[in-house]
Amino acid sequence: MTNEWSARQIESLIEISSLINSSLEINEVLENSMRVVEELTDAETSSIFEIDFEVNELFFRLARGESKAGVDKVRMKVGEGIAGWVAGSGKPVLSPDTEQDPRFCKKVDDVTCFKTKSILALPIRHKERIIGVLEVINKKGQGTFDNKDMEMLTLVSNQIGIAMENARLYSRIKEKFTLTRAELKESQSKLIRSERMVALGKLAHGVAHTVRNPVASIGGFARRLNKKQLLDKSGSEYVDLIIRETERLEDIVKNVEILTSLPEPRCRQCNLSSFIENTIREWKHKSKLDNIKFETDLLQEDPVAYLDDTLMAMVLGLLFDNAGEAMQQVGTIAVSAYRKNGWMVVSVADRGGGVANKDLPHLFDPFFTTKTYGTGLGLAMVNRIVSDHNGEVEVHAGAKGGTEVSVRLPLFPNRD
């Protein structure tokens with residue numbers, strides 16, 4: 001990945017990722033996302049083809065701008081035109097002059113009376129299967145699309161593939177099952193949360209890979225300047241600020257890489273109450289926060305649970321960190337464990353300021369935080385690990401104020 005991406009381009013990629021995974025209403029999602037894609041690549045217009053596998057043809061899932069009139073009636077065989085060639089070969093095409101490209105087909109131009117001069121086209125995949133093609137058309141001004149545009153749109157096309165497949169699966173769910181409105185909304189929310197995590201995780205890993213070396217260089221040179229004491233007092237203060245901020249960025253990069261490289265759980269039998277008590281002791285020892293106390297209400301028979309003790313210890317540690325921060329490192333964290341409706345539930349509650357209702361849907365999103373510091377990755381890691389255990393996480397207001405996080409784990413290891 002190139003190190004020459006601008007802050008605006010990175011912001012745009014994050015915005016696109018959020019748009020793509022914000023809803024299962026696919027037409028609205030793609031319309032808003034491709035608008036940002038056009039701004040990002042300076043394209044006049046754009047389109048998305050989807051493959052109809054029954055007849056092996058491409059049809060327009062989305063067409064924007066002047067090029068969209070009449071395209072709903074246009075279909076192209078896989079292999080026909082540049083889009084068809086991309087769908088058939090699975091390879092991207094960078095065509096700076098379509099008149100000189102033998103793969104170009106004028107069928108769409110003839111219908112829309114739009115003049116296509118240049119195209120960048122990429123396959124849209126879901127789990128390695130090609131399901132469509134993304135195109136940006138006619139670079140504005142005198143420029144042409146380049147490899148940096150292709151690199152950015154590769155990230156976008158991967159996320160669009162997830163969104164399109166989600167929409168298809170969601171449509172099948174609505175067709176096959178009669179759900180109440182509340183049940184349907186809950187299913188939609190869980191699906192969005194899961195795939196948003198995957199999509200944003202991939203993007204975050206790419207951004208972290210891009211910024212790691214520049215941040216390390218900046219921090220290293222700043223520390224060298226500080227060590228040699230070559231600057232006056234004000235200059236040293238600036239260098240100290242640079243060092244603190246680069247250390248914060250280094251922590252963000254490290255946490256992103258932890259998030260995106262979490263291993264699959266290796267579950268084994270574990271005595272749950274003993275495990276929780278041991279984790280509390282280890283956290284208190286490491287944190288050295290003497291003003292944080294714990295209240296526990298655990299199952300006396302110390303039941304067996306099936307979990308990866310290393311990963312679940314990370315989950316509880318992150319929840320304890322959040323609870324302590326919410327109470328400004330002074331107060332009591334309540335930890336309980338109980339069975340409910342076929343689940344083993346572990347609850348962690350603080351007595352801090354609580355969470356606003358408007359923030360609840362976003363708490364598990366990477367980089368979302370209500371604090372003035374921190375990375376916003378803690379609950380994203382919690383959600384990822386618990387989901388990999390076939391479990392669920394819920395956040396709600398605590399019975400005594402503050403916030404309560406409930407982690408539900410299946411009683412049996414093979415539960416769906």
Return the residue satisfying two criteria in turn: it lies in the range 293-332 and is out of contact with any Pro (no Cβ under 9 Å at 6 or more places or on another chain) and among the charged types (D, E, K, R), and of such residues it is farthest from L262 (Cα to Cα). E301
Consider the range 325-360. How many of its residues are in contact with a helix residue (DSSP H, G or I) (Cβ under 7 Å, 6 or more places away or on another chain), crowded, with 18+ Cβ neighbours inside 10 Å and not in a strand (DSSP E or B)? 2
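Residue by residue through the range 391-415, note down the ones that are of a type in the set (S, T, N, Q) and either at pLDDT 85 or above or outside any loop (DSSP other than H, G, I, E, B) (or both).
As a first pass, look at the range 391-415 and keep what is of a type in the set (S, T, N, Q): 403, 406, 414.
Listed by number, the residues that qualify are T403, S406.
So, D240, is that one modelled with pLDDT of 75 or more, more than 24 Å from the chain's Cα centre (by Cα) and surrounded by fewer than 17 Cβ atoms within 10 Å (Cβ to Cβ) or not?
yes
Could you check how many residues of the range 33-82 are part of a strand (DSSP E or B) and of a type in the set (A, V, I, L, M)?
First, the residues of the range 33-82 that are part of a strand (DSSP E or B): 43-52, 57-63, 75-77.
So of that shortlist, the ones also of a type in the set (A, V, I, L, M) come out as 43, 48, 51, 58, 62-63, 76.
Residues in the range 33-82 being part of a strand (DSSP E or B) and of a type in the set (A, V, I, L, M): 7 in total.
The values are calculated or read from the model by the stated rules, or taken from the named source; none is laboratory data. From a predicted model like this one, the values you see are computed outputs, not experimental measurements. Because the Cβ atoms are built from the backbone with ideal geometry, glycine has one as well, and the counts that use them run over all protein chains shown.
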